[in-house]
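Trainee: The structure under discussion is supplied below as C-alpha cells; questions concerning it will follow.
Only the coordinates and a few stated rules stand behind these numbers; no lab work does. Bear in mind the structure is a predicted one, so any value in this text is a computation, not a measurement. All Cβ positions, even for glycine, are placed from backbone atoms using ideal geometry, and neighbour counts span all protein chains on display.
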Amino acid sequence: MTSGEPFGNRYGNLGSCEDSEDRDRALTFHWHIPNIKWLSSLTLPSTTSLRLTRAREAILLEALLAHYGGSPAVSYSRRPQFYSGKGRYHGTDFAYRTVVQSVDALTNLGLLGNLIAPANPHGGRQSVFWATAALISGVSNDLIAKARCFPRELIRLRNSDGQLVDHHETEITRRMRRVLAEQNEAVGSINIELSGPEIWLDGAVLQVGENIRLFPAQYCVYRVFNGDLMHGGRLYGGWWQNAPKNIRAMMLIDGESTIEDDHAQLHPRLLYAIAGRNLVGDAYTLPGWDRKPCKIAFNVLLNANNFHSARAVIASELGGENAYLLAALLIRDMKKRHAAVRGYFHSGIGLRLQNLDAKMAEVVLTRLLKRGIVALPIHDSFIVQKRYRTDLKEAMEASFSLVRP
C-alpha cells in the first residue's frame with residue numbers, strides 16, 4: 001500500500017468493467033494517444049526498452065481515463081500466471097515484467113497510487129493503481145481528449161471462469177473479423193453526438209448529467225464468445241451501449257435525428273423456432289401475474305443451468321417473505337404457458353440464443369452497410385438515422401429468416 005491511498009478496504013468490491021462509474025477499470029493496453037509524444041510533459045526518466053516505454057504510456061493513460069471517467073482505480077494482476085496467453089488480446093507489451101515494473105516505477109515517481117492485493121496463488125482480488133494529483137496536473141485534459149481505443153482482437157473467447165483464452169484461427173473467425181473491421185471503419189467515419197440538456201464533452205469524457213460518463217472514442221465493437229464459438233458472440237464495446245435508452249434517444253448521426261428499433265420478443269421467438277413451433281401471443285403475459293416479473297422469469301429460465309439457480313434468481317427479483325414460493329409458482333405457470341418449449345428451460349440455452357441473435361446482428365449490419373447505411377448495434381436493437389427506419393426494419397426481418405436455429 002502506498003501513501004495517499006483513498007479507498008479504505010478495497011478488497012470487498014473490485015470489478016473488471018473498463019468504463020463503469022464506481023467500478024475499477026481493467027488494465028487493457030487498448031488506449032493510445034496517436035502521433036503525439038504526450039509523456040514529454042512529465043519528464044520521465046529515459047528507458048532503453050521500447051516495451052517498457054509503451055507499457056508506461058498505456059498504464060498512465062488508463063489511470064487518467066479512470067480518473068476522468070469516474071472509476072476509482074485501474075485493476076491489474078501481480079501474478080506471473082495471469083499474463084500467460086494474453087498476447088492475442090493485449091499485445092506482447094502486456095506482460096508480468098513490463099506491467100509490474102512500470103507500475104512500481106511510476107508509483108515511486110509519485111505519479112501513481114498503488115494498492116497491492118494480498119498474495120494468492122489461485123487468483124483472488126487484483127491489485128489496483130490510480131492517478132495521483134501530480135499526474136493529473138502534469139497532463140492537460142486537452143491531451144487526454146485525443147485518446148483513442150483500439151482493441152487488438154475483435155473475436156474474444158472466454159472460458160467458464162470468464163477469463164479470456166486463446167482460440168483457433170479459422171475461415172469463420174477471419175470472416176467475422178473482416179465484418180467487424182468494416183463496421184468499425186464505417187462507425188469511425190460518421191459523427192455521433194448526444195444533443196440534450198446537461199450533456200457536454202469534458203476532455204475524453206461525454207458527461208450526461210451528474211452520473212453518466214461515456215467515452216466517445218470507444219466506438220470499436222468486438223464479439224465475445226463463451227466456451228466456444230457456438231455460444232454467445234454478441235457485440236460489445238460501443239460507447240452508446242453504456243448509455244440508457246432515454247439518453248440514446250437524443251443521439252444524432254451526422255447531425256440527423258435517429259431511431260432505435262429492436263426485435264420484439266426475439267429470444268422467445270428463436271426458442272420456439274428451435275423447437276419447430278410458432279410462438280402465439282405475448283410470451284411474457286400470464287394470468288394473475290404482472291408482465292414485468294414474467295419477462296424477467298422467462299429470460300432467467302433461458303439462462304439458468306438448473307431449476308434451483310433459476311428459482312433463486314427469480315426469488316431475488318421478486319423479493320418479500322414468500323419470494324421462493326412465489327418464484328416456484330411463477331416457474332410452474334411459465335412452464336404451463338410454454339409447454340412446447342419447457343424442456344429448454346433452465347438448461348443454459350440462453351448462450352445459444354445469444355449466438356443466434358449475434359448472427360442476426362451481423363446480417364443486419366452487413367445488409368445496411370451495402371446500402372451505405374451505418375447502424376449502431378445494441379445486441380438485439382439498432383440505431384440508425386430516422387430516414388433509414390424502413391431499411392432497418394427490412395434488414396431485421398431478413399435476418400430472422402436467414403439465420404437458421
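Trainee: Quick one: which residues, 5 or more positions from His231 or on another chain, have an amide H under 5 Å from its amide H? H modelled 1.01 Å from N in the peptide plane, none for Pro or chain starts.
Mentor: For His231, the qualifying residues are Asn226.
Trainee: For a test of the definition: using alpha carbon positions, the gyration tensor, and the 1.5 limit on a/c, classify region 56-108 as rounded, prolate or oblate.
Mentor: Values: a/c = 1.97, a/b = 1.51, b/c = 1.30.
Prolate is the answer for region 56-108, as a/c is 1.5 or above and a/b outweighs b/c.
Trainee: Now for a separate question. Fewest Cβ neighbours within 10 Å first, please rank Asp228, Asp261 accordingly.
Mentor: Arranged by neighbour count, lowest to highest, Asp228, Asp261 become Asp228, Asp261.
Trainee: In region 173-239, which GluC sites (Glu not before Pro) are in a loop and have at most 10 other Cβ atoms within 10 Å, using DSSP for the loop call?
Mentor: Values: sites: Glu182, Glu185, Glu193, Glu198, Glu210; in loops: Glu198, Glu210.
Answer by residue number: Glu198, Glu210.
Trainee: Assign unit charges at the C-beta atoms only (+1 for Lys and Arg, -1 for Asp and Glu), then state the dipole size of the chain relative to its Cα centre in Debye, rounded to the nearest 20.
Mentor: Values: 48 positive and 39 negative charges, 254 e Å.
So the magnitude is around 1220 debye.
Trainee: Given the C-alpha centroids of region 250-270 and region 349-383, what is the distance between them in whole angstrom?
Mentor: 11 Å
Trainee: Next question, about the same structure. What value, in deg cm²/dmol to 500, does the helix sum -39500 (n - 2.57) over DSSP H runs of n ≥ 4 give at 222 nm once divided by the residues of the chain?
Mentor: One gets -11500 deg cm²/dmol as the mean residue ellipticity at 222 nm.
Trainee: Grab the other residues whose beta carbon is less than 13 angstrom from that of Ile331, score K and R as +1, D and E as -1, and report the net.
Mentor: +4
Trainee: Oh, and also: Kirkwood Rh and Cα-based Rg: tell me the resulting Rg over Rh for the chain, rounded to two decimals.
Mentor: 0.99
Trainee: Shifting gears a bit: Given 0.36 nm per residue, what is the gain on full extension from Ile190 to Asp161 after removing their alpha carbon distance, in nm?
Mentor: Length gained between Ile190 and Asp161: 6.8 nm.
Trainee: Related question: Could you list Asp161, Asp254, Asp282 so that the one with the fewest beta carbons within 10 Å of its beta carbon is first and the one with the most is last?
Mentor: Result, fewest neighbours first: Asp161, Asp254, Asp282.
Trainee: In region 315-405, which GluC sites (Glu not before Pro) are in a loop and have at most 13 other Cβ atoms within 10 Å, using DSSP for the loop call?
Mentor: Within region 315-405, the qualifying GluC sites (Glu not before Pro) (loop, at most 13 other Cβ atoms within 10 Å) are Glu321.
Trainee: Counting other Cβ atoms within 10 Å, which trypsin sites (Lys or Arg not before Pro) in region 115-159 have at most 12 and lie in a DSSP loop?
Mentor: Counting only loop positions with at most 12 other Cβ atoms within 10 Å, none of the trypsin sites (Lys or Arg not before Pro) in region 115-159 qualifies.
Trainee: Size of the dipole of region 299-387 about the Cα centre, Lys and Arg at +1 and Asp and Glu at -1 on the beta carbon, nothing else charged, in debye to 20?
Mentor: It comes to approximately 500 debye.
Trainee: log10 I(q)/I(0), Debye, Cα-only region 10-149, no solvent, q = 0.16, 0.19, 0.20, 0.22 Å⁻¹?
Mentor: Summing over Cα pairs of region 10-149 leads to -0.80, -1.17, -1.31, -1.62.
Trainee: If you take the charge dipole of the chain about its Cα centre, with +1 on Lys and Arg Cβ and -1 on Asp and Glu Cβ, which of Pro268, Val99, Ala73 is farthest toward its positive end?
Mentor: Pro268
Trainee: Can I ask one more? Counting other beta carbons within 10 Å of each Cβ, put His30, His263, His379 in order, fewest first. It would help to have the intermediate numbers written out before the result.
Mentor: Details: His30 23, His263 20, His379 16.
By the 10 Å Cβ count, ascending, the order reads His379, His263, His30.
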